[in-house]
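Okay, structure first, notes after.
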Amino acid sequence: MERSLFGFIIRYSKRDQLLIVPLVVGTMVVYYLSLDLPKTIINQAIQGDKFRQPDATAGFLGFELGRIEYLFALSLVFLALIVLNGWLKFQINTMKGWMGERMLRRLRFQLYDLILRFPVTRFRRVKAAEMATMIKDEVEPLGGFIGEALITPLFLGGQALTAVFFILYQHWALGLVALAVVAIQAVVIPRLRKRLLVLGRERQLTARALAGRIAETVDGATEIHANGTSNYERAEISARLGRIFRIRFEFYQRKFLIKFLNNILSQATPFLFYTVGGYLVIVGNLDIGALVAVIAAYKDLPGPVKELIDWDQQRLDVEIKYQQVVEQFTDGEVAPAEMQAPTDAPPLPREGQLKASNLTLVDESGSRLVEGVSFEAGLDQHIAIVGRPGAGASELAQMLARLVQPSTGSIEMGGVDITRAPEALIGRAIGYVGSPAYLFPARVRDNILYGLKHRPIRDRSVPKNEAAEREFHVREARRTGSSELDIEADWVDYEGAGCAGPKEIEERIVHLLRVVDLEETIFELGLRSPVDSELGVAERVLDARRQMRERLESLGIRDWVEGFDRERYNRNATVAENLLFGTPVGRVFDMDNLAANAYVRKVLRETGLNELLVRTGHKVAETMVELFSGLPPGHEFFAQYSFINQDDLPQFEAILKRVDEVGLKGLDEAQTRQLLALPFRLIGARHRLGLIDEGFEARVIEARRHFAAHLPGQIKDAIEFFDPERYNSAATLQDNILFGRIVTGQAGAVERITKLVRELLDELGLRPAVVRNGLDFQVGVGGARLPVPDRQRVALVRALLKRPVLLVLDQAAAVLDSVSQQRVVQSVLAERKGQGVIWVLSRPEYAESFGKVLVMQRGRLVESGAFAELKRKTG
């Protein structure tokens, strides 16, 4: 990156800046004419200097005009100058805006590009929130300034000089007054603003540190709650906010003091013009038209001068911001851009030897994490690295995966020096899984295919109506130095995975799920997720629904599933599910906010169910508060009565006290809505509170009919009603098959019914479709919706799918239980038979399955060889 802000501006926007200069010069000419013309109008037309005789005329553009016509003609010219000046300013501002936004896009992309090229070790020293804040927020003012960097001083300075020259031209005394005021504003005010720069820098640094600390709180939320230190965290954030407040308080005091001084100077100057100029008019040294023109010219003078001073203040401020950003994004070990250039698939070194020569790794403090490690092995060997924590095993694995560059030494793979090889080769030739593995907030399938997305393989077919938009994006990306690659193209390298296309790669993924013991988990996710009816499974699921009824009947357990019946209340479903009798599509009828839905409230009022539910909610609240009083956090009752949690208890206690004072009808809208929301979560068979009787059920069924019959057309698509003969695309696959709810309280019912569902799906050949559906599961931020062991398994599938020459695993299975860990190790090694594997093991006994073992101790390679040989020698 350019070290100075103006170096960055000139390098990338010089051409655009020069294109605006002629327009700026044009505004100066128009501005001067618009200052001079009023004097002509007053003196020659209004006062009649050109019309001394009653029948006198004046020439205008080749026409002889009378006094009135001459006045209108000059006025129309003045109006034309105003319109022309406004149009020129509009063009200048538009071009400045385009240029600023393009430069901001370029700057953000350059910073993000640097993040991708940073060495992995740098991310241990910087906080993700701070980097994101700098790219998103801290460079935002730079975009606005860049468009103004050269044009604004030229425009404002030219406007101010034009006004001063005009005033001097009218009379030297008035010109000296204007110059004196401008000099004070240009010299005194900037001196007062120096402290503002310091305060601005402190404000920026403290705000960035605050963002980083809040991110730490989010990351460490578990530890905060586990240790009960929330008040300590509140105190620290309060102290940080206090420091920011003190800085901002002083900043605004000084800022408005400067504004006060500017206003005084601006208001005092007209006093001098009226006094001095009036005297000159009286004594005959100045005509009245010139005085009016001077006053009009000065009226426009303080604005440009003040804005020019503001521009200088902004310049100093953004230069500081730019320097701070450059300092944070400067790293001596950043990878050259050529290392990550998108290229065609290079030939991979699948044969030969892996040679590590004198590998040494020194950290920032000078400590040697790895020292003098050398070994040689075939690229088809399975190598285990063992050693106690801190022995350097993980660091060695990261060097072999080219995640960390060795301080000294070299690594060759099939004759290729991987420390200098481009990322296009490394990303395909080496697979790496660390612990813990990171998953992107996307579908399971997207995370698995991620390792194959090196460059667009096949361009998408752009529809004619989108061609112009695509061309615009490519053109703007080129102008701002951004990537022109189409994110909507097909990026999946099927050939790299050894597959011919999407269908084959799907089969390959399912196979690898079995290798890492993940297929059953993905199958369960598929069962608990909706399936798009367009995938061709609807008819088969309806067939499964019919066969499930027959199977339950034949086994004598039909009553273990309470089916959905339009005329009956389902006691194993919630009140909300019974009322809607369908599955919400989108957020309109969100189950958690049903009490706030306008149409639902209308149905409840029209069917008389509203008051009943509020009374029921009041009884639920009374019961919950009584049950939960004094119970510790995490008690089993909180799980059993999940429709109310510990944090809500104080609110409901306050509502109950309010009810005692004013009654249910005296509650405000928000309190009524809170009570109304409670019964919606009640399950009659599960929450045995004696609140749902036959009368209650009948009222809900009546409201159900009313709800369906009067549903407005604009929200009909917001719910898909239950129908025994139709597939419900909004419901989960399991709910579609069962078409009901498993009965609560029946011992072993959930396990038995779930097993029957799985057996039935296997018999009908639907298991692959369910697994494919499970691959569409959204894993959440960092994979948080999956257990940690399953995240590791997904990462293993991702690494195995791209068939790397060398698979490097750094304790990739350490989070699994011992039985699962051993099974996964054996399965992965069998899958990688004849292909290179380097695995840092958490349990040395697993090394017996590997052809070669490297033993690390205090950063040194102390032993290497076959497991049996090493065990015999040293144990």
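The values are calculated or read from the model by the stated rules, or taken from the named source; none is laboratory data. Keep in mind it's a predicted model, so treat the numbers as computed, not measured. Neighbour counts are summed over all protein chains in view; Cβ atoms, including those assigned to glycine, are modelled from backbone coordinates with ideal geometry. Side chains are part of the model used for accessible areas, which takes the heavy atoms of the whole protein and leaves out ligands, DNA and RNA. Shrake-Rupley method; radii C 1.70, N 1.55, O 1.52, S 1.80 Å.
Taking the mean number of other Cβ atoms within 10 Å as a proxy for protection, how do you rank 563-573, 242-252 from highest to lowest?
Ranked by mean Cβ neighbours within 10 Å, highest first: 563-573, 242-252.
Can you list the aspartates and glutamates whose alpha carbon is less than 18 Å from that of Lys657, not counting same-chain residues fewer than 8 positions off?
Counting by Cα, and skipping residues close in sequence, Lys657 has these aspartates and glutamates nearby: Glu622, Glu626, Asp647, Asp648, Asp668, Glu669.
Extension gain Asp717-Glu466, at 0.36 nm per residue separation less the Cα-Cα distance, in nm?
Result: 87.5 nm gained on full extension.
Would you kindly calculate the mean projected area, averaged across all directions, of the convex hull enclosing the Cα atoms of region 404-551, in square nanometres?
Its average projected convex-hull area is 15.0 nm².
Listed highest first by mean packing, meaning other Cβ atoms within 10 Å per residue, what order do 423-436, 778-791 come in?
Listed from highest to lowest mean packing, they are 423-436, 778-791.
Taking a cut-off of 13 Å between Cα atoms, list the aspartates and glutamates near Lys321, but don't count ones fewer than 8 places away on the same chain.
Within reach: Asp137, Glu138, Glu140, Glu202.
If amide H atoms are built 1.01 Å from N in the plane of the peptide, which residues on other chains or at least 5 residues away come under 5 Å of the amide H of Ile683?
none
Tally Lys and Arg at +1 and Asp and Glu at -1 over the other residues with C-beta under 14 Å from the C-beta of Glu476: what net charge comes out?
It works out to a net charge of +2.
For the chain, what relative contact order do you get, as a whole percent, if you take Cα pairs closer than 8 Å and at least 6 residues apart?
18 percent
Leaving out ligands and nucleic acids, note down the accessible area per residue over region 383-494 with a 1.4 angstrom probe, in whole Å².
On a per-residue basis, region 383-494 sits at 49 Å².
For Phe6 and Asp486 in the same chain, what is the full-extension length gain: residue separation times 0.36 nm, less their Cα-Cα distance, in nm?
169.6 nm
Taking only protein heavy atoms and a 1.4 Å probe, what accessible area per residue, in Å², does region 521-619 have with all protein chains in place?
Accessible area per residue: 48 Å².
Kindly write out, for region 557-570 in residue order, the coupling ³J(HN,Hα) from the Karplus curve 6.51 cos²θ - 1.76 cosθ + 1.60 (θ = phi - 60°), rounded to whole Hz, with x marking Gly and Pro.
10, 4, 6, 6, 10, 8, x, 7, 10, 4, 9, 10, 8, 8
How about Lys665: which aspartates and glutamates have a C-alpha closer than 12 Å to its C-alpha, ignoring those fewer than 8 places off in the same chain?
Excluding near neighbours in sequence, the set is Glu611.
What spacing in nm lies between the two simple spin-label points modelled at Arg767 and Thr408, each 7 Å away from Cα in the Cβ direction?
Going from the Arg767 label point to the Thr408 one covers 5.7 nm.
Could you work out what % of the accessible surface of the chain is carbon and sulfur, using a 1.4 angstrom probe and leaving DNA, RNA and ligands out of the count?
Carbon with sulfur: 54 percent of the solvent-accessible area.
Around Thr744, under 11 Å between beta carbons, what's the net of Lys plus Arg minus Asp minus Glu among the other residues?
Net local charge, Thr744 excluded: +3.
At 222 nm, what value in deg cm²/dmol follows for the chain if DSSP H runs of at least 4 each add -39500 (n - 2.57) and the sum is divided by all its residues, to the nearest 500?
Using -39500 (n - 2.57) per qualifying helix, the result is -18000 deg cm²/dmol.
Between Arg478 and Ala747, what is the label-to-label distance in nm when each label sits 7 Å out along the Cα-to-Cβ direction?
7.6 nm
So, R0 is 45 Å and r is the distance between the beta-carbons of Arg455 and Val218; what FRET efficiency does that work out to, to 0.05?
The pair Arg455/Val218 has a calculated efficiency of 0.85.
What does the charge add up to near Ala421, with Lys and Arg as +1, Asp and Glu as -1, over the other residues with Cβ less than 11 Å from its Cβ?
After counting each charged neighbour, the total is 0.
Give me the percent relative contact order of region 801-875, please, defined on Cα pairs under 8 angstrom at least 6 residues apart.
26 percent
Which value in nm describes the separation of the simple spin-label points at Glu236 and Asn645, placed 7 Å from the Cα toward the beta carbon?
2.3 nm
Provide the packing ranking of 502-514, 480-492, 807-819, i.e. peptides ordered by the mean count of other C-beta atoms within 10 Å per residue, highest first.
My ranking of the peptides, most packed first, is 807-819, 502-514, 480-492.
Given a Förster radius of 30 Å and the C-beta distance between Arg705 and Glu759 as r, what FRET efficiency does 1/(1 + (r/R0)^6) yield to the nearest 0.05?
Computed FRET efficiency for Arg705 and Glu759 comes out at 0.20.
First measure r as the distance between the Cβ atoms of Glu351 and Glu507, then evaluate 1/(1 + (r/R0)^6) with R0 = 41 Å and state the FRET efficiency to the nearest 0.05.
That gives a FRET efficiency of 0.90.
What residues qualify as long-range amide H neighbours of Val743, i.e. H under 5 Å apart, gap of 5 or more or another chain, H built at 1.01 Å from N?
Close amide H contacts, sequence-distant or interchain: Val561, Glu562.
When DSSP assigns beta bridges and you keep just the ones with both residues in the chain, what percent turn out antiparallel, to the nearest 5?
Percent antiparallel among DSSP bridges in the chain is about 65.
Students often get this wrong, so check it: of Lys619/Lys716; Lys14/Lys89; Lys136/Lys464; Lys802/Lys833, which have C-alpha atoms separated by over 25 Å?
Long pairs (Cα-Cα over 25 Å): Lys619/Lys716; Lys136/Lys464.
Just to be sure I understand, if you calculate percent of Cα pairs over 53 Å apart for this structure, which of [x] 23; [y] 42; [z] 37 do you get?
Checking each listed value against the structure points to [y].
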